[in-house]
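Asker: Here it is, the structure, as structure tokens.
The values are calculated or read from the model by the stated rules, or taken from the named source; none is laboratory data. Everything numeric in this text was worked out from a predicted model, so none of it was measured. Quick reminder, even Gly has a Cβ in these numbers, built from the backbone with ideal geometry, and neighbours come from all protein chains shown.
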Amino acid sequence: MDSSESNEHSATQTRHRLQKSLRTSLVSAGIAAFLLIFLIGGGGGTTEALITGLFFAIVGGAFTFRILRTGKINTPRLILFVGMMLTFTAAYSIQHEITRGSILLTDEIIAGGNVAICPITIPFVIPALVIRGEMIFPASVQTLIWISLFWLGFALLFGRGWCSWLCFFGGVDQACATAAKRPRLEMKGLSRTWRLFPYAFLLFLILVAVSTLRPLYCEWLCPLRIAYDPPAVNTTLEWLMAVIFIGGGMVFLIGGPLLTKKRLYCSLICPLLPVNTIIGNLSPFRVKVDPNRCNDCGKCEKVCETFSMTAESRKQGKTMTECTRCGRCMDICPQGAIDYRLIGTSVGVRPIFVILAVVFNLLIMSGFVMALVHFLLTGEIRSVTGGG
């Protein structure tokens with residue numbers, strides 16, 4: 001048997017181990033479809049909401065069925081994840097163009113205190129609010145509370161699964177990492193220093209926020225502002241700010257992932273990484289390795305885009321705590337040794353995890369899609385943020 005036949009045979013074996021029966025796949029797809037049509041179409045009370053709910057129910061059921069029946073999760077997840085990023089970007093860009101005349105964030109808009117706030121700001125905005133009693137981001141406290149509860153609920157359920165299934169922004173570096181056919185710059189892992197860097201970086205941002213009452217990350221460092229609230233550049237200072245975050249965006253969001261095939265922003269920079277990881281310890285879902293099946297081939301480490309699988313963790317039957325539950329390691333494993341398990345047990349929970357991940361991804365995405373459809377039909381845009 002040549003190598004191509006051997007790889008094909010191994011892949012077939014993996015699918016057989018991880019794929020679910022036709023009955024389980026159909027029942028799970030039905031549950032996902034029911035939840036989506038109920039959550040999206042049931043509460044709106046309009047024909048538009050019902051049609052949207054039906055559409056997403058069909059999509060969600062189809063994705064759930066495909067993942068469980070084939071035993072392959074990463075490609076369907078990629079479609080959903082990048083789809084969320086694209087619809088989010090489109091909806092926000094149109095909203096900004098209509099409501100404030102431009103996607104650029106001007107001093108006047110900042111002074112109005114009604115800027116859309118994202119979950120990434122939570123770890124350093126809340127400490128400043130609690131300790132100094134100051135809201136350092138130009139949004140209302142009510143908006144901060146709403147977005148914090150929104151994020152916290154998902155973080156408790158999925159942990160860092162948020163970063164590969166639900167994040168509005170993670171699809172950017174995910175898309176670039178996926179677009180690279182092969183790494184031109186090998187990054188086999190992270191040293192302990194680099195693993196601790198995101199935690200030290202967040203501590204630095206908190207200290208700056210509390211001491212200066214300025215959201216340093218949002219003002220100067222956030223590379224995602226390339227597509228989300230880029231500043232108007234009229235002064236030398238504004239030009240300098242733009243150059244810094246655009247440069248960071250090129251390195252961590254685009255160039256780096258294309259060169260390394262790794263999600264550098266989500267692995268090294270994002271302030272949500274530490275808190276998602278810590279809260280993720282309470283998540284009921286884990287990615288575990290069956291040591292009786294693992295043959296130490298190392299393929300899972302090579303394909304992991306967030307450096308979450310190492311030889312040491314694999315020997316312990318688990319991933320690093322920074323694991324984003326993306327499923328790439330599961331798909332590549334020739335032995336079918338890696339899967340979703342219930343915390344503290346060896347009980348497989350792939351159908352439950354897939355149903356919830358698909359449903360919540362599409363539930364969030366539906367808000368952006370409905371805003372876009374409403375715009376196409378009426379020329380007006382519904383608010384897609386608590387801040388705008």
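Asker: When the residues of segment 109-133 are filtered to those that are outside any helix (DSSP H, G or I) and surrounded by 13 or more Cβ atoms within 10 Å (Cβ to Cβ), which remaining residue is nearest to the chain's Cα centre (by Cα)?
Answerer: Among those residues, the one meeting the criterion is Cys118.
Asker: Looking at segment 189-204, can you tell me whether even one residue there is over 15 Å from the mean Cα position of the chain (by Cα), surrounded by 14 or more Cβ atoms within 10 Å (Cβ to Cβ) and of a type in the set (Val, Ile, Thr)?
Answerer: No: zero hits.
Asker: Inside segment 309-343, can you point out the residues that are small (Gly, Ala, Ser) and in contact (Cβ under 8 Å) with a residue 40 or more places away in the chain? Can you show your working first?
Answerer: The first filter runs over segment 309-343 and keeps only residues small (Gly, Ala, Ser), leaving 311, 313, 317, 327, 336-337.
If the condition is that a residue be small (Gly, Ala, Ser) and in contact (Cβ under 8 Å) with a residue 40 or more places away in the chain, then Gly327, Gly336, Ala337 are the ones that fit.
Asker: Of the residues Thr99, Thr24, Thr52, only one is β-branched (Val, Ile, Thr), touching a Pro at 6+ places or on another chain (Cβ under 7 Å) and in the same structural domain as Ala371 (by TED's automatic domain parsing); which? Give the steps one after another, and end with the answer.
Answerer: Values: Thr99 fails: touching a Pro at 6+ places or on another chain (Cβ under 7 Å); Thr52 fails: touching a Pro at 6+ places or on another chain (Cβ under 7 Å).
From the options Thr99, Thr24, Thr52, the qualifying one is Thr24.
Asker: To continue, here is another question. Of the conditions (1) surrounded by fewer than 18 Cβ atoms within 10 Å (Cβ to Cβ); (2) touching a residue at least 40 places away in the same chain (Cβ under 8 Å); (3) assigned to a loop (DSSP other than H, G, I, E, B), Val373 satisfies every one except a single condition; which number is it?
Answerer: (3)
Asker: Then there is this: Do the conditions hold for Arg225, that is, is it outside the structural domain of Glu305 (by TED's automatic domain parsing), basic (Lys, Arg) and surrounded by 14 or more Cβ atoms within 10 Å (Cβ to Cβ)?
Answerer: Here the answer is yes, as Arg225 does meet what is asked.
Asker: Exactly one of (1) in a helix (DSSP H, G or I); (2) modelled with pLDDT of 95 or more; (3) within 25 Å of the chain's Cα centre (by Cα) is unmet by Gln95. Its number?
Answerer: (2)
Asker: Kindly establish whether Thr345 is hydroxyl-bearing (Ser, Thr, Tyr) and either part of a helix (DSSP H, G or I) or in contact with a Ser or Thr (Cβ under 7 Å, 6 or more places away or on another chain) (or both).
Answerer: Considered against the rule, which asks whether it is hydroxyl-bearing (Ser, Thr, Tyr) and either part of a helix (DSSP H, G or I) or in contact with a Ser or Thr (Cβ under 7 Å, 6 or more places away or on another chain) (or both), Thr345 comes out as no.
Asker: Out of Ser346, Ser383, Ser308, which single residue is surrounded by fewer than 22 Cβ atoms within 10 Å (Cβ to Cβ), under 23 Å from the mean Cα position of the chain (by Cα) and among the hydroxyl-bearing types (Ser, Thr, Tyr)?
Answerer: Ser383
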